[in-house]
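Notes follow the structure.
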Amino acid sequence: MELFFREKILYPFLLILIIIITTLTDLLINITITYVSNYYEMMVQITVLLVGEEKIYMSSFRYKFSLISLTAVISTALLLSGCSSTATKAKDTTSAPAGKIKIVAAENFLGEVATAVGGDRVEVTSVITSPDMDPHAYEATTDTSKAVSDAQVVIYVGVGYDVWIEKLLKASSASKKVINLGELLGKKDGDNPHVWYIPESMPKLADALAEQLGKIDSTQMDAFKKRAQDYKTSLAPLTDLVKKLKQASPTDVAVSEPVFGYMSTALNLNTVNEKFALAIEEETDPAPGDVAALQDVLKGKKVKMFIQNTQVNSPTVKTMVDLAGANQIPIVHVTETEPKGKNYLQWMTDQLTEIKNALGVK
């Protein structure tokens, strides 16, 4: 029985199994050879194109192996080249942030300089943008707080003028470039805060901005410096006018308050009623003696002009303006904030033109 099982059943089954396995193996080998051959031929063609050979002989295994090695070398070189290119690009962009540099300017005339120097590389947000907004009494909104927090550069007047932005800077944990115009000009708390009336203020701000922006994006340093120079050049008419109007000897003037003080100094104009002006600035009543002294000056026509800050609403100042007009003393109108629809150059030029007319300069 056992002999019958081995001869009639087991052996035939094993034979059939061996035939099946052999057939499948042969099929698999043929498929593999075909695939490898096709892949090999494709790589050879690519290599021929890259190497530039007109004829490639494949009669020897050694040559085939060399060709495959060459193909591998070329492929590896291309891969490394791609990696190197990617690495180089990554390195180049580390100093050139993709997004625009965000700048917050406390006042619009500061933002104007930032836009001029930064060009299309910056996004500028100015906070005090209207003559109706009081920089002293301004209270920051949620949007302003967020803008300051997100900014990479913040510009403000300082010298105790726009303290609200200093509070926002202290509350912000993010690192940023900060330009305090007062400090840039060597001023400190307690000094006259209206430092934008210093003729050199905007040119110095332009240079400081170019330097700070260049630290953020070094690839644009030269462009920032060029635009800063272009902006300073645009202010040349103002510089020339200041030189033209500067008096050879001190010329007495009366003022409603000290907003124009730095420009008066630059023009060699001497303010005769400083105590009166300081009281008006601090929103207190001037001392009776100071009021009487100013009235005497105006009635006696002892000053060349009365410089009035038109944004100050004071009955006492109005009385003095009327008195100056009654005595044919020219009234020069100035403002603390930039008038709507004008830039810094136009703003300053308009005011200096009134000074020019009051002095009788041709």
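Computed from the coordinates by the stated procedures, all read-outs in this text should not be read as laboratory data. Computed from a predicted structure; not experimentally measured. Using ideal geometry, Cβ is built from the backbone for each residue, glycine included, and neighbour counts are taken over all protein chains shown.
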How would H333, H194 line up from fewest to most surrounding beta-carbon atoms within 10 angstrom? H333, H194
If you plug each phi of region 136-141 into the Karplus form 6.51 cos²θ - 1.76 cosθ + 1.60 with θ = phi - 60°, what whole-Hz ³J(HN,Hα) values come out, in order, with x for Gly and Pro? 6, 9, 5, 10, 5, 8
Taking the Cβ-Cβ separation of T141 and V272 as r and a Förster radius of 45 Å, what is the calculated FRET efficiency to the nearest 0.05? 0.60
Can you put M305, M133, M221 in order, fewest other beta carbons within 10 Å first? M133, M221, M305
What share of all Cα pairs of region 101-234, in percent, falls into each consecutive 10 Å distance bin? 13, 46, 35, 7
For an R0 of 35 angstrom, estimate the FRET efficiency from the Cβ-Cβ distance between E183 and I331 and round to the nearest 0.05. 0.55
Sorting check: for 199-205, 293-299, which peptide has the highest mean count of neighbouring beta carbons within 10 Å, and how do the rest follow? 199-205, 293-299
In percent, how large is the relative contact order of region 238-359, given Cα pairs closer than 8 Å and 6 or more residues apart? 26
Quick note on W347, W196, ordering by fewest other C-beta atoms within 10 Å, gives W347, W196
Given a Förster radius of 41 Å and the C-beta distance between Q295 and T239 as r, what FRET efficiency does 1/(1 + (r/R0)^6) yield to the nearest 0.05? 0.65
As straight-line cross-link partners of K356, the qualifying lysines (C-alpha separation under 19 Å, not fewer than 8 residues apart within one chain) are K243, K244, K246, K301, K302, K304
What are the extents of the Cα atoms of region 238-359 along their three principal axes, listed from largest to smallest and rounded to whole Å? 40, 32, 23
May I ask you to compute the full-extension gain from Q247 to E354, defined as 0.36 nm times their residue separation minus their alpha-carbon distance, rounded to one decimal in nm? 37.0 nm
